[in-house]
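The next block holds one structure in the form of structure tokens; read it before the comments.
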Amino acid sequence: MTSSGTNPQGRSAGESASAAWELLLPAVAAPARARGRSLQAALREAVRSGRLAQGTRLPSSRDLATDLGVSRGLVTEAYEQLTAEGYLRSERGAGTWVGGAVRAAPPRARNLAPRPPGARAGFVPGTPDLSLFPRAAWAAAQRHVLAELPHQELGYPDPRGLPRLRTALAELLARRRGVVADPERIVVVSGVAQATALLGLVLHARGIDAVGVEDPGSPQHSALYAAAGVTAVPLPLDDEGLTMGPLRASGVRSVVTTPAHQFPTGIACSPRRRTELLGWARSVDGFVLEDDYDGDFRYDRAPVGALQGLDPERVAYTGSVSKSLAPGLRLGWLLVPEALADEAVERKRTMDLGHPTLDQALFARFVEHGDYDRQLRRCQRAYRERRDAVVDTLGVHFPGTRVSGIAAGLHVIATLPEEYGPWARFAARTAEAGIEVRALASYAHARTREGVVEGGSGADARTVRLVLGYAHLSPARIRDGVRLMAQAVNGR
């Protein structure tokens, strides 16, 4: 390749052009019809990446065409296109140069998805066993949907969701969770997170600027409502659920609750407390926002029905497939009271114009053909076995441990004997051994965390109370992890 001179960085044009020539060879090997576009793309990338530095003089179109074995017109067209875009600059009689519009190569695409920290054993709650995802059944449903879906269904969907899926969900939720499920009031959403954000926007537009949240509870609720302009007010729990005195005194008119299996304590809201909660909502003309966290996974008796079934006009109900299938599907549902329905649908429309059609049709078929029920039974068996492994192994390696919240869900609360405290020492030793655990106190909201000793309480600072997630661990890994934890805290 013929060239002369140097660029401002001191690199010879011949060296830069030679590097570019190597980069362009694959482009000119493309089929004739695509060769021009490929050459332009390769030149563009050479400038972006810095392979062709600012100020580098390029070979003449004749020389470059000769070296690459293509027509001169193809190179001339590429030079003209990139000059028009600002990547190159051209001066009559002076040749073609790399311009200065591109300042730096684009950053490498990073993956910001949550990832396990590489601990020897991790008991952090909230993650299902993703290896249980029913790949074969999902693929079969996908093939059927792609073959059968009418062309018009690929257009913008009803923002509430496909009627087929809303109908299937109404039947499923009524049968499994005891909800009053009118398909006209179901909104298909991207998981409980979007349902929460959507409800926050609706409440804020109605002048409701504060919402009660369980304390301890999911940090997600506070963050999502705050993003919608609604302040989260932490409210304490007792052994029946949300404590009614502080709720009434708070002045809020809406409250978020996880009544089937509270996160993280594992409390199931008592029948008496459910009645009191709904009575409060009617008295303040407010709403209960029910997050059906872990509602499908109850091991020792039938699942507790959803609170929404008792008063569908005061309870907005949310759920998802994040624990039963995979959180990466970003698929959930929201049942809204009639008073909020139109506003919720309009908010969903402005958020994203509706959930992806193919995903909805696929899940509808998955539900209609019984595949989802089979998946739930499969997960139920696996998670019950893992729960039993946690309870049994704690009894062996931490005798005297009190375990609660075991009737449902994907985690347990383990209160260790005082000899294993204080929390600071316990946490330091387990971390040093590569064991990842969470204290119950870490789920307290910020404004109530002051004066609380992490892992225990002000009244019993030496007590270590752990939230142990187990769904993502095999029974063998659970037993090994608890054994390693015991060795670490016992100094062996």
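Table: residues versus (1) within 16 Å of Glu343 (Cβ to Cβ); (2) among the aliphatic types (A, V, I, L, M).
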{"position": "Pro159", "(1), (2)": "yes, no"}
{"position": "Leu162", "(1), (2)": "no, yes"}
{"position": "Arg175", "(1), (2)": "no, no"}
{"position": "Gly178", "(1), (2)": "no, no"}
{"position": "Glu184", "(1), (2)": "yes, no"}
{"position": "Glu214", "(1), (2)": "no, no"}
{"position": "Ala226", "(1), (2)": "no, yes"}
{"position": "Pro236", "(1), (2)": "no, no"}
{"position": "Pro246", "(1), (2)": "no, no"}
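Scan the range 413-424 and tell me whether some residue there is open to solvent by 50 Å² or more (accessible area, probe 1.4 Å) and acidic (Asp, Glu). Checked against the condition, which is being open to solvent by 50 Å² or more (accessible area, probe 1.4 Å) and acidic (Asp, Glu), the range 413-424 yields at least one hit. Residues of the range 146-160 that are loosely packed, with under 11 Cβ neighbours inside 10 Å and not in a helix (DSSP H, G or I): Pro150, Gly155, Tyr156. Filtering the range 65-82 down to residues that are over 50 Å from the mean Cα position of the chain (by Cα) and among the charged types (D, E, K, R), which residue is most open to solvent (accessible area, probe 1.4 Å)? Among them, the one singled out is Arg72. Considering only residues that are open to solvent by less than 70 Å² (accessible area, probe 1.4 Å) and of a type in the set (Ser, Thr, Tyr), which ones fall in the range 161-190? If the condition is that a residue be open to solvent by less than 70 Å² (accessible area, probe 1.4 Å) and of a type in the set (Ser, Thr, Tyr), then Ser190 is the only one that fits.
Quick one: would you say Ala427 is part of a helix (DSSP H, G or I) and at pLDDT 90 or above? Criteria met by Ala427. Does Gly99 fit the bill of being crowded, with 16+ Cβ neighbours inside 10 Å, without any contact (Cβ under 8 Å) to a residue 60 or more places away in the chain and not hydrophobic (A, V, I, L, M, F, W, C)? Spelling it out, Gly99 is indeed crowded, with 16+ Cβ neighbours inside 10 Å, without any contact (Cβ under 8 Å) to a residue 60 or more places away in the chain and not hydrophobic (A, V, I, L, M, F, W, C). Restricting attention to the range 407-425, the residues that are more than 24 Å from Asp296 (Cα to Cα) and under 30 Å from the mean Cα position of the chain (by Cα) add up to 2. Taking the numbered list (1) open to solvent by 50 Å² or more (accessible area, probe 1.4 Å); (2) of a type outside the set (Gly, Ala, Ser); (3) at pLDDT 80 or above in turn, Glu22 passes all entries but (3).
Ala205 fulfils the conditions (1) surrounded by fewer than 16 Cβ atoms within 10 Å (Cβ to Cβ); (2) closer than 25 Å to Pro356 by Cα; (3) touching a residue at least 60 places away in the same chain (Cβ under 8 Å) except for a single criterion, (2). The set of residues in the range 338-355 being open to solvent by 10 Å² or more (accessible area, probe 1.4 Å) and either among the polar types (S, T, N, Q) or part of a helix (DSSP H, G or I) (or both) consists of Glu338, Ala339, Ala341, Asp342, Glu343, Val345, Glu346, Arg347, Arg349, Thr350, Met351, Asp352.
Restricting to the range 428-441, what's the tally of residues that are touching a residue at least 24 places away in the same chain (Cβ under 8 Å) and out of contact with any Phe, Trp or Tyr (no Cβ under 9 Å at 6 or more places or on another chain)? Matching residues across the range 428-441 total 6. Scanning the range 216-234 for residues that are touching a Ser or Thr at 6+ places or on another chain (Cβ under 7 Å), within 22 Å of Pro271 (Cβ to Cβ) and buried (at least 22 other Cβ atoms within 10 Å of the Cβ) turns up nothing.
Cβ-Cβ contacts under 8 Å between residues 6 or more apart (or on different chains), taken from a first residue in the range 233-245 that is touching a residue at least 24 places away in the same chain (Cβ under 8 Å) to a second residue that is surrounded by fewer than 21 Cβ atoms within 10 Å (Cβ to Cβ) and of a type in the set (Phe, Trp, Tyr), are listed as Met244/Trp280. Exactly one residue out of Leu335, Leu376, Leu310 is surrounded by 22 or more Cβ atoms within 10 Å (Cβ to Cβ), of a type outside the set (Gly, Ala, Ser) and more than 30 Å from Leu484 (Cα to Cα), and it is Leu335.
Please specify each residue of the range 389-409 satisfying the condition of being open to solvent by less than 50 Å² (accessible area, probe 1.4 Å), among the hydrophobic types (A, V, I, L, M, F, W, C) and assigned to a helix (DSSP H, G or I). Once the filter is applied, which keeps residues that are open to solvent by less than 50 Å² (accessible area, probe 1.4 Å), among the hydrophobic types (A, V, I, L, M, F, W, C) and assigned to a helix (DSSP H, G or I), the range 389-409 yields Ala389, Val390, Val391, Leu394. Which pairs do you get when a residue that is over 20 Å from Pro219 (Cβ atoms), found in the range 260-275, comes within reach of a residue that is open to solvent by 20 Å² or more (accessible area, probe 1.4 Å), reach meaning Cβ atoms under 6 angstrom, with the pair 6+ apart or on two chains? As it stands, the answer is Ala268/Val304; Ser270/Glu240; Arg273/Glu240, since those pairs meet every condition given. Can you spot a residue in the range 29-42 that is surrounded by fewer than 16 Cβ atoms within 10 Å (Cβ to Cβ), modelled with pLDDT of 80 or more, among the charged types (D, E, K, R) and under 19 Å from Leu82 (Cβ atoms)? Within the range 29-42 (the criterion being surrounded by fewer than 16 Cβ atoms within 10 Å (Cβ to Cβ), modelled with pLDDT of 80 or more, among the charged types (D, E, K, R) and under 19 Å from Leu82 (Cβ atoms)), the answer is yes, since at least one residue qualifies. Scanning the range 220-276 for residues that are closer than 19 Å to Ala197 by Cβ and small (Gly, Ala, Ser) turns up Ser222, Ala223, Ala226, Ala227, Ala228, Gly229, Ala232, Ser254. Number of residues in the range 434-464 that are of a type in the set (Gly, Ala, Ser) and modelled with pLDDT under 90: the value is 8. Listed by position, the strands (runs of 3 or more DSSP E) enclosed by the range 222-337 that each have at least 2 residues that are over 14 Å from Arg177 (Cβ atoms) are 231-238, 254-257, 287-291. Quick check, is Arg62 open to solvent by 40 Å² or more (accessible area, probe 1.4 Å) and within 39 Å of the chain's Cα centre (by Cα)? Here the answer is no, as Arg62 does not meet what is asked.
Picking from residues in the range 126-145 that are farther than 22 Å from Leu165 by Cβ and either hydrophobic (A, V, I, L, M, F, W, C) or open to solvent by 80 Å² or more (accessible area, probe 1.4 Å) (or both), the one that is nearest to the chain's Cα centre (by Cα) is Leu130. Considering only residues in the range 235-269 that are of a type in the set (Gly, Ala, Ser) and over 30 Å from the mean Cα position of the chain (by Cα), the one that is most open to solvent (accessible area, probe 1.4 Å) turns out to be Ala249.
The values are calculated or read from the model by the stated rules, or taken from the named source; none is laboratory data. What you are looking at is a predicted structure, and each value in this text was computed from that prediction instead of being measured. Neighbour counts run over all protein chains shown; Cβ positions are idealised from the backbone, glycine included. These area figures cover heavy atoms from the full protein model, side chains too; ligands, DNA and RNA do not enter into them. Shrake-Rupley method; radii C 1.70, N 1.55, O 1.52, S 1.80 Å.
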